[in-house]
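Just so it is clear, none of the values below were taken in a lab; they were calculated from the coordinates. In this text the structure is predicted, and so the values were computed from the model without any measurement. Counting neighbours? That spans all protein chains shown, and the Cβs are built from the backbone with ideal geometry, glycine included.
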Amino acid sequence: MIKTLFAACTAASLLAAAPAWSAAPPPARDNMSHALAVTGVVETPLTLKVADLRQLPPANGGEIAVTRQNGDKAETITSYRGVRLRDILDKAVLDAPGHNDVKKLAIIATATDGYAVVFSWGELYNAPAGEGVIVYYEKNGKALDENDGEIALISAKDIRTGPRHVKWLNGIEVRKLVE
Ligand SMILES: Nc1nc2c(c(=O)[nH]1)N[C@H]1C(S)=C(S)[C@@H](COP(=O)(O)O)O[C@H]1N2
Ligand SMILES: [Mo]
């Protein structure tokens, strides 16, 4: 009993003393995202499950290196199956009737753990980056597991792909930033 307690304390203090570069503990299972809600200034808000994403025009692809903001390698995705974020937004239909309305739109991708990243209409629809912004549900030939699923997003053409690699994606919010 005492010995077990000692072992637990030692393990705890070792963890506390772990250097900042050591691997993060595995995420809790309850981060898992089960559906993607498309909300905000859209004509048809959507709730998409993996089965619904499979019905949209596929954007499948090959290798993506996931690089952290500091340049470290996080992982290499060898293949993925997904959908372009643009095609999801087109299904929901952006509510932007004025000639200049789309140019004021921010598209925010959110995750179950509170993580969020920002895109703009200009980036998604009028720049090379847009082609590579993918909502995906399969990686390396398998459904996404609790480490980043069931749904995730990546911006494949980013210089460092880690920051806008959104694990456990559960929301796409379209917001008009200025009137
Ligand atoms: N949901 C969610 N996704 C996330 C993060 C996060 O904290 N939550 N961190 C991001 C960052 S900053 C990086 S660099 C990549 C790689 O994360 P990893 O270091 O855990 O592999 O995941 C990204 N995706
Ligand atoms: Mo990062």
> Full extension from S79 to V178: what is 0.36 nm times the residue separation minus their Cα-Cα distance, to one decimal in nm?
Replying inline: 31.8 nm
> Taking the Cβ of R164 as the center, what net charge do the other residues with Cβ under 13 Å away carry, scoring Lys and Arg +1 and Asp and Glu -1?
Replying inline: +2
> Å³ per residue of the Cα convex hull, for the stretch 100-149?
Replying inline: 87 Å³
> Scattering from the C-alpha atoms of the stretch 43-179 alone, worked out with Debye: what is log10 I(q)/I(0) at q = 0.11, 0.16, 0.17 1/Å?
Replying inline: -0.38, -0.80, -0.91
> Which entries in the list K73/K103; K104/K157; K49/K157; K49/K73; K73/K104; K103/K157 go over 32 Å, if you measure between the two C-alpha atoms of each?
Replying inline: K73/K103; K73/K104
> Given the convex hull over the Cα atoms of the stretch 62-104, what projected area results after averaging over all orientations, in nm²?
Replying inline: 5.0 nm²
>> Counting each pair of different Cα atoms once, what's the Kirkwood radius of the stretch 69-140 in Å, rounded to one decimal?
In response: 14.1 Å
